[in-house]
Amino acid sequence: MGTEIDYSTSVPIVIMGRFVMKIFKYLFTLGCLFFLGIYILHQSNQYLSIDTRSVDAVQIMSQSGIIESQKKWASTLSNYNYGKSVKNISELNNLLIMGNKHSSILNISAESMASDLNTKENLPSSMEIEGLSVISVPGLYTTNNEFRNNYSNTLAKLIDSAKGDIVLDLANNSGGDVVPMIIGASSLIPTGKILNSIDKNGNKFPIYLESNKLFGGITNYLEDSSKQLKTQKYSFKKSKKVSVIISDRTASAAEVLTLVLKNNPNVTVLGTPSAGYTSWNETAVLPNKDNPSNFWYMIYTAGYFETIKNNEVFNNKKIIPDVEVGSAYLDIANKQLIEAIRNIK
């Protein structure tokens, strides 16, 4: 008639099976929660390990900086998770340059501040080439006020003592501190309004030169910086012809100096097109909370310029010389440039 089932033994086995399943489900849930906790902790530690200064730098650039291409910048921010995915300061520097080529960031330590800031201290100098009084105006990268004073006074004296017409060689001037350059060359620049600076919202802030001091601009930097200089004032050289030599190495502050000099009707710019960093930079210090002797020094582009004579806007635009030549390197062998200077009316 078939095999009979002994229910007296099978019922406990079923109950035991259900109990084991409950234990398994409990352990499985506990294991999932354990691994989920590890994952969350890993993600949290990963976020905490990010140098939040990268996020701060991106916010400063986005809110206060001049962005050259909003579409490109938005894509870059997305790729770097708005600064959270930045691995090191070199990567952050490249990110900022994507926003504006004139922006950058440096890692500074108190022990090596001069080298970290790329300090360059070279004074203007003069020489005679084929009867031309040539004054070399180098870039200036320093926070040393004594040297800044020395720079502006040296330039002012060389211009005042130059025999005949003047040649200012900016071909190798990559920029830096524009204030000693303008104040040092002030005897060649008509006083009054010399440029308009324009912020990211299109607001204009005139810049003035009066009594060997600068005033105005987007911030108080020019005024505060020029007050630190004590430069000998010389009379305006209204009758001298001035040749300004520029090249693709002429950048930033040197380009601003060139634009200001062009207010003088006797100034002629010769050479090759400039580098195209004609914009106003601001700085921000991002401290290291764990190491007070270390900080990040951020340079971000906050404005650009408009000339006074013809209202031409320069927003990282190259300066085109009045007279273009094949080479802007001025020496005895560069007959084309020498003749071009001599032929200026």
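Can you spot a residue in segment 66-84 that is in contact with a strand residue (DSSP E or B) (Cβ under 6 Å, 6 or more places away or on another chain), not in a loop (DSSP other than H, G, I, E, B) and not assigned by TED's automatic domain parsing to the domain that holds residue 333? No, segment 66-84 contains no residue that is in contact with a strand residue (DSSP E or B) (Cβ under 6 Å, 6 or more places away or on another chain), not in a loop (DSSP other than H, G, I, E, B) and not assigned by TED's automatic domain parsing to the domain that holds residue 333. Screening residue 278 against (1) surrounded by fewer than 15 Cβ atoms within 10 Å (Cβ to Cβ); (2) among the polar types (S, T, N, Q); (3) touching a residue at least 12 places away in the same chain (Cβ under 8 Å) leaves a single unmet condition, (1).
Going by the structure shown, is residue 192 out of contact with any helix residue (DSSP H, G or I) (no Cβ under 6 Å at 6 or more places or on another chain), at positive phi and in contact (Cβ under 8 Å) with a residue 24 or more places away in the chain? In short, no.
Report, by residue number, each residue of segment 293-310 that is over 18 Å from the mean Cα position of the chain (by Cα) and in contact (Cβ under 8 Å) with a residue 40 or more places away in the chain. Steps first, answer last, please.
Looking only at segment 293-310, we keep the residues that are over 18 Å from the mean Cα position of the chain (by Cα), and these are 293-294, 306-310.
The answer is 293, 294, 306, 307, 308, 309.
Within segment 284-327, the residues that satisfy the criterion of being of a type in the set (S, T, N, Q) and either surrounded by fewer than 13 Cβ atoms within 10 Å (Cβ to Cβ) or over 17 Å from residue 109 (Cα atoms) (or both) are 291, 293, 301, 307, 310, 311, 315, 316, 327.
Looking at this structure, is residue 72 of a type outside the set (S, T, N, Q), within 25 Å of residue 201 (Cα to Cα) and either surrounded by fewer than 18 Cβ atoms within 10 Å (Cβ to Cβ) or touching a Leu at 6+ places or on another chain (Cβ under 7 Å) (or both)? Quick ask: steps written out before the conclusion?
On the way: of a type outside the set (S, T, N, Q): yes; within 25 Å of residue 201 (Cα to Cα): yes; either surrounded by fewer than 18 Cβ atoms within 10 Å (Cβ to Cβ) or touching a Leu at 6+ places or on another chain (Cβ under 7 Å) (or both): yes.
Spelling it out, residue 72 is indeed of a type outside the set (S, T, N, Q), within 25 Å of residue 201 (Cα to Cα) and either surrounded by fewer than 18 Cβ atoms within 10 Å (Cβ to Cβ) or touching a Leu at 6+ places or on another chain (Cβ under 7 Å) (or both).
Going by the structure shown, is residue 121 of a type in the set (D, E, K, R) and more than 22 Å from the chain's Cα centre (by Cα)? Walk me through it before giving the result.
On the way: of a type in the set (D, E, K, R): yes; more than 22 Å from the chain's Cα centre (by Cα): no.
Spelling it out, it is not the case that residue 121 is of a type in the set (D, E, K, R) and more than 22 Å from the chain's Cα centre (by Cα).
The values are calculated or read from the model by the stated rules, or taken from the named source; none is laboratory data. Here the structure is a predicted model, which is why all the values come from computation and not from measurement. Please note: Cβ atoms are built from the backbone with ideal geometry, for glycine as well, and neighbour counts cover all protein chains shown.
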